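Peer 1: Below is the structure I would like to discuss, written out as structure tokens.
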Amino acid sequence: WVLTPLLMADGDAVVVNRGWFSNSGQYEAVPESFAAPTGPVSVTGLVRQTETRGSFGPTDPEGQTVTNLARVDIGRLDQQVPEDLLPLYIQLEQQDPAVTQTDPVPVPVPLPDEGPHLSYAVQWFIFSTVALIGYPMILVRRARDKGHAAKAVDQV
């Protein structure tokens, strides 16, 4: 991903995820061909929360300028740029001037995902039905078996 601080009129800056480019290890930094446009820029995109390292995952070296980050960690980026960064970033959807062929490929907007909730709901309704019908059937069968056992003892 190509992360670029966008300086706003009030002096603050917001990080913009301008997209990605293919890098199989040959680049240590963003090539000049993917440089941010100069001059005034208007961006439209999704506001995203900063990403932080959890219990597991790669770490970024401390105390040095890093050109390749493991995640969009705004706190880490803020240590490297002179502007004060807002604690969020923008995932670019559109920009003016428009994205050109030499710009990074924009990250696609995530589609709404309901996850497996519907299948879990169906699964639990099936379990409930089995319990509501099956348990009384087991109780009736046990009572019937006890009745047959009692008759057998009486006959002996």
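The values are calculated or read from the model by the stated rules, or taken from the named source; none is laboratory data. Everything numeric in this text was worked out from a predicted model, so none of it was measured. Note that we place each Cβ from the backbone using ideal geometry, even for glycine, and neighbour counts take in every protein chain shown. Calculation scope for accessible area: heavy atoms of the full protein, side chains included, ligands and nucleic acids excluded. Shrake-Rupley method; radii C 1.70, N 1.55, O 1.52, S 1.80 Å.
Peer 1: Taking a cut-off of 12 Å, what percent of all Cα-Cα pairs in the stretch 1-60 are separated by more than that?
Peer 2: Of all Cα-Cα pairs in the stretch 1-60, 77 percent lie more than 12 Å apart.
Peer 1: Within the stretch 11-92, what percent of beta bridges assigned by DSSP are antiparallel, to the nearest 5?
Peer 2: 55
Peer 1: Sort out the exposed loop chymotrypsin sites (Phe, Trp or Tyr not before Pro) in the chain (DSSP loop, at most 13 other Cβ within 10 Å) and tell me the longest stretch that has none.
Peer 2: 57-156
Peer 1: By how many degrees, 0 to 90 and rounded to 10, does the Cα axis of helix 117-155 deviate from the longest principal axis of the chain?
Peer 2: On a 0 to 90 degree scale, this one is about 20.
Peer 1: Along each of the three principal axes of the Cα atoms of the stretch 27-96, give the extent in whole Å, ordering the values from largest to smallest.
Peer 2: 39, 26, 22
Peer 1: Just to be sure I understand the curve: with the Debye formula and one point per C-alpha of the stretch 1-129, what is log10 I(q)/I(0) at q = 0.16, 0.20, 0.22 Å⁻¹?
Peer 2: The Debye formula, applied to the Cα set alone, gives -0.88, -1.28, -1.49.
Peer 1: Considering amide H positions built from the backbone, and no H for Pro or chain starts, which residues 5 or more places from ASP73, or on another chain, come under 5 Å of its amide H?
Peer 2: Distant-sequence amide H within range of ASP73: GLU51.
Peer 1: Moving on. Might you tell me the accessible area per residue for the chain, computed with a 1.4 Å probe and given in Å²?
Peer 2: Averaged over the residues of the chain, the accessible area is 74 Å².
Peer 1: Moving to a separate point now. Most mobile of ARG141, ARG76, ARG48 per a Gaussian network model of the chain (Cα springs, under 10 Å)?
Peer 2: Checking each option, the largest mean-square fluctuation is seen for ARG141.
Peer 1: Output the relative contact order of the chain, whole-number percent, from Cα pairs under 8 angstrom with separation of 6+ residues.
Peer 2: For the chain, the relative contact order is 28 percent.
Peer 1: Under 10 Å, Cα contacts only: if you run a Gaussian network model on the chain, which one of THR50, THR65, THR129 comes out with the highest mean-square fluctuation?
Peer 2: Fluctuation is largest for THR129.
Peer 1: Before anything else, pin down the relative contact order of the stretch 32-106: Cα pairs under 8 Å, at least 6 apart, normalised by residue count, whole percent.
Peer 2: 49
Peer 1: Can you show me the helix-derived [θ] at 222 nm for the chain, built from DSSP H runs with n ≥ 4 at -39,500 (n - 2.57) apiece and divided by the number of residues, rounded to the nearest 500.
Peer 2: Rounded to the nearest 500, the figure is -10000 deg cm²/dmol.
Peer 1: Given a 1.4 angstrom probe, I'd like the percentage of the accessible area of the chain that is carbon and sulfur, rounded to a whole number.
Peer 2: That fraction is 60 percent.
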